[in-house]
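The values are calculated or read from the model by the stated rules, or taken from the named source; none is laboratory data. The structure presented is a predicted model; accordingly, all values stated were derived computationally and were not measured. Here the Cβ is made from the backbone with ideal geometry for all residues, glycine too, and neighbour counts use every protein chain on show. With ligands, DNA and RNA removed, areas are computed over all heavy atoms of the protein, side chains included. Shrake-Rupley method; radii C 1.70, N 1.55, O 1.52, S 1.80 Å.
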Amino acid sequence: MRKKIIAGNWKMNKSFDECMALVSELSNMIKDEYHGSAEVVIIPPSLYINSVSRMLADFNNISSGAQNCSNHASGAYTGEISAAMIKSCGGKYIIIGHSERRQYFGETNDWLAKKIDAVLAENLNPIYCVGETLEERESNSHFDVLTKQVSEGLFHLNAEQMAAVVIAYEPVWAIGTGKTASTAQAQEVHAFIRNLVKEKYSNEVADNLTIQYGGSVKAENAVELFSAPDIDGALVGGAALQSRSFADIIKAMA
Ligand code: 13P
């Protein structure tokens, strides 16, 4: 049975005090209200990972992670943060290739492949984001775009390395827009991605791959999204910034 993972990507939001308050509220809600099997991942700005992971030390179903890391292991790269540093602060997952990084910081599939290697070298789990723009969907080129993103970012890995990877399908047109992909649209893409992985690796690797959906996930649409056979969780932005709305999304996963 593949793992279900609900992750909250806070992006560049919250002060340190706000961060601590939100983690405290959320972890209490999860302890009291959540009886399902999903792993919850809190992904704050990297500055806060150390404090967040310490607060979560007693929760075996909640972990923390980072929104990005360097493709280098260490050295003279001013302003960068390595996977090893994130690990040393208790982070377990690292988002790689979020569309905002691709769009605003020029990250390419080749570059992201190196970041994936940097994450795996530390035995952490990358959450590799893929997704098409509205223009690409409307011109019906989304399957080509997704194939390129998945194959160029990941297919240099061996099967054992691939087993540590989580993929997040985040259509760019659904991020922060309030416009969620329909369950049928998301399921179609998730099944397509799983099939790419099956063709490259094996049935087993594909069956065990966690594929999250991201893009305007809310408590109101989570139950339906999670009912689809190939949707194994969510990568949540805006709705993860409040404890109640994020806890309600988590509770939508059995
Ligand atoms: P929203 O949930 O705010 O649309 O953001 C999704 C996202 O980008 C998560 O990484």
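Remarks
- Translational diffusion of the range 185-254 was estimated from the Stokes-Einstein equation, with Rh taken as the Kirkwood radius over Cα pairs; at 25 °C and 0.890 mPa s the coefficient is 194 µm²/s.
- Computed helical MRE - 222 nm, the chain, DSSP H runs ≥ 4 contributing -39500 (n - 2.57), nearest 500: -13000 deg cm²/dmol
- Size estimate for the range 8-155 follows the Kirkwood approach: the inverse of mean 1/r over distinct Cα pairs works out to 16.4 Å.
- Model label sites at Met20 and Asp207, defined 7 Å from Cα along the beta-carbon direction, differ in position by 4.7 nm.
- Probing with 1.4 Å while keeping every protein chain in the model, the per residue accessible area of the chain equals 44 Å².
- Fluctuation leader among Ala84, Ala121, Ala38 - the chain, Gaussian network, Cα springs under 10 angstrom: Ala121
- Inter-label distance for Ala159 and Ser88, nm, one decimal - labels placed 7 Å from Cα along Cα-to-Cβ: 3.6
- Kirkwood-based Rg to Rh ratio, the range 109-242, C-alpha trace: 0.95
- FRET efficiency estimate (nearest 0.05) - Cβ-Cβ, Asn195 to Arg244, R0 30 angstrom: 0.20
- Proximal aspartates and glutamates relative to Lys115, as straight alpha-carbon distance under 13 Å, when same-chain residues fewer than 8 apart are discounted: Glu80, Glu107, Glu152
- Accessible surface ranking that places the most exposed of Glu100, Glu132 first, with a 1.4 angstrom probe: Glu100, Glu132
- Rg followed by Dmax, in Å, when the chain is reduced to its Cα trace: 16.9, 49
- Scaled radius of gyration (Cα, divided by 2.2 N^0.38 Å) that the range 43-123 gives: 1.09
- Taking the range 1-150 and dividing mean pair separation by its residue count, relative contact order in percent (alpha carbons under 8 Å, at least six apart): 18
- For the pair Glu224 and Ser141, a Förster radius of 35 Å applied to the C-beta separation gives a FRET efficiency near 0.85, rounded to the nearest 0.05.
- The range 29-45 - phi-based ³J(HN,Hα) in whole Hz, Karplus 6.51/-1.76/1.60, Gly and Pro as x: 4, 5, 4, 7, 10, 9, 10, x, 9, 5, 8, 9, 10, 9, 10, x, x
- Accessible surface comparison of Lys87, Lys148, Lys11, probe 1.4 Å, protein chains only, largest first: the order is Lys148, Lys87, Lys11.
- Integer Hz, Karplus 6.51/-1.76/1.60 couplings in order for the range 223-235, x for Gly and Pro: 4, 5, 4, 6, 7, 6, x, 9, 9, 10, x, 9, 10
- Apportionment of accessible area to carbon and sulfur, the range 177-254, percent (1.4 Å): 51
- Sequentially through the range 156-161, phi angles give Karplus couplings (6.51, -1.76, 1.60; θ = phi - 60°) of 7, 7, 7, 4, 5, 5 Hz, Gly and Pro residues having no value and appearing as x.
- For the range 1-55, the Kirkwood estimate of hydrodynamic radius, built from reciprocal distances between every pair of different alpha carbons, is 12.1 Å.
- Rh by Kirkwood over Cα pairs, then Stokes-Einstein D for the range 149-209 at 0.692 mPa s and 37 °C, µm²/s: 261
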